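The values are calculated or read from the model by the stated rules, or taken from the named source; none is laboratory data. Being a predicted model, the structure only gives us computed values, none of them experimental. Please note that ligands, DNA and RNA were not included when accessible areas were found on the heavy atoms of the full protein model with its side chains. Shrake-Rupley method; radii C 1.70, N 1.55, O 1.52, S 1.80 Å.
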Amino acid sequence: LAVELSSTPATVLEKLQEEKRVKLAEDTIPINSAVVFAGGNKPSLEEEALANALNKNRIKTVFIDKTENEYSKVDQFVKAGIDTVDNIDMVYGKISLVYLLLNSDSGHFGVRPSADKLMPAFN
């Protein structure tokens, strides 16, 4: 899927679109970044593998979560070295996400113990 998203033509995505399983705008492929919600109540090896494949194909990947999610999987992605924002429902989290997507820097931002800090430092 990572290769598919980062290349043209994207045959798998075209087939999914033909089957009306996914609807994509004409200008969405190839992509250079992905934001994935890290919700759910148990670790997901599939999500981690997807993030690693996306990163390998130079697609910036950030896993996000809400502050109040009691079943957060953010720790799993922090341990895997994948960028995270655990407070996307706060202004600080939204700013951190934009920063991660627009810069080549990496990090773990938010309010959980696994976060490096609340927000990135702006230079």
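Using only the alpha carbons of segment 32-123, what is the convex hull's orientation-averaged projected area in square nanometres?
The directionally averaged projection comes out at 5.3 nm².
Determine the per residue accessible area of segment 29-123 with all protein chains present and a 1.4 angstrom probe, expressed in square angstrom. Write down the numbers at each step before the final one.
Numbers: 5500 Å² over 95 residues.
On a per-residue basis, segment 29-123 sits at 58 Å².
Sorted by accessible area with a 1.4 angstrom probe, largest first, how do Tyr92, Tyr99 fall?
Ranked list, largest accessible area first: Tyr92, Tyr99.
Pulled fully out, how much extra length does the chain show between Tyr71 and Leu101, if you take 0.36 nm times their separation in residues and subtract their Cα-Cα distance? List each step's numbers first, then the result.
On the way: separation 30, 0.36 × 30 = 10.80 nm, distance 2.49 nm.
The span from Tyr71 to Leu101 would gain 8.3 nm if fully extended.
Please grab the % of Cα pairs in segment 75-123 that end up more than 14 Å from each other.
It works out to 41 percent of all Cα pairs.
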